[in-house]
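Following: one structure in structure tokens, then a few remarks.
The values are calculated or read from the model by the stated rules, or taken from the named source; none is laboratory data. On a predicted model such as this, the values are computed, not experimentally measured, just so you know. Backbone-built Cβ (ideal geometry, glycine too); neighbour counts: all protein chains shown. In case anyone asks, the SASA skips ligands and DNA or RNA and just uses the protein heavy atoms, side chains included. Shrake-Rupley method; radii C 1.70, N 1.55, O 1.52, S 1.80 Å.
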Amino acid sequence: MVVAQAPSLEVRADDRSRSEAAAKPEAQASRGPADASAKIDPAKEADIRQLMEVTGAKDLGQQLMDAGIAQFRAGVTESQPDNPRAKQFADAFAQHFEKHFDPHALTETVIPIYEKHLSSEDLKELLAYYQSPFGQRMLKVLPVVARESQAAGFKLGQKAAEQAMEDLKAEYPEFVPSAGEEEKHPATNR
């Protein structure tokens, strides 16, 4: 994820991996992550793991799980604020989800993806960059930039949606409630 946010770096696919994938598309599609990682050069796999460690990508599975559970929990409790079982259900779902989702499996799943798209030289250059003081600074700054950019984009999208609804109010009154109707039914207009 962090690698994708570094636009100044040139990323090249490993020619050997590309030609193998072109020669055997059915085999590539049918094999799972464990089969794919078994064919990775051990030195290249070590560099991939080190890059994931340095960039924090190895923690992505846990972060995704935590964010997904929090989003699910908020959605359930906000949609049914007066239902005492809503929180119980959200808690039970979180417990069962954590039982079935192994965050470390994501690391093993994405190693072949890194291997497919990054050459050994790419990995060495990325490691040198992200281990440098500037690379370390970028690792701290990029998530903040991404989060603030997402919020700014959301605000722009929200404003555009409000303006589009205003434009369509007269032509589609059954879909665009008037201000008085919004106050009567605020929960249905989220």
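Yes/no per residue for (1) in contact with a helix residue (DSSP H, G or I) (Cβ under 7 Å, 6 or more places away or on another chain); (2) at pLDDT 95 or above:
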| position | (1), (2) |
| --- | --- |
| ASP102 | no, no |
| LYS116 | yes, yes |
| SER120 | yes, yes |
| GLU125 | no, yes |
| ALA128 | no, yes |
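Does ALA152 satisfy being surrounded by 10 or more Cβ atoms within 10 Å (Cβ to Cβ), on the phi < 0 side of the Ramachandran plot, at pLDDT below 95 and not β-branched (Val, Ile, Thr)?
Spelling it out, it is not the case that ALA152 is surrounded by 10 or more Cβ atoms within 10 Å (Cβ to Cβ), on the phi < 0 side of the Ramachandran plot, at pLDDT below 95 and not β-branched (Val, Ile, Thr).
Of all residues in region 99-126, those being among the small types (Gly, Ala, Ser) and within 15 Å of GLY61 (Cα to Cα) number 1.
Criterion first (polar (S, T, N, Q) and touching a Phe, Trp or Tyr at 6+ places or on another chain (Cβ under 7 Å)) does THR55 satisfy it?
yes
The condition of being free of Cβ contacts under 8 Å to residues at least 40 places away in the same chain, touching a helix residue (DSSP H, G or I) at 6+ places or on another chain (Cβ under 7 Å) and open to solvent by less than 100 Å² (accessible area, probe 1.4 Å) holds for only one of THR109, THR77, that being THR77.
Yes or no, residue by residue, for (1) in contact with a strand residue (DSSP E or B) (Cβ under 6 Å, 6 or more places away or on another chain); (2) part of a helix (DSSP H, G or I); (3) not hydrophobic (A, V, I, L, M, F, W, C):
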| position | (1), (2), (3) |
| --- | --- |
| LYS58 | no, yes, yes |
| LEU64 | no, yes, no |
| ASP82 | no, no, yes |
| ARG85 | no, yes, yes |
| ALA94 | no, yes, no |
| GLU98 | no, yes, yes |
| LEU106 | no, yes, no |
| VAL141 | no, yes, no |
| ALA146 | no, yes, no |
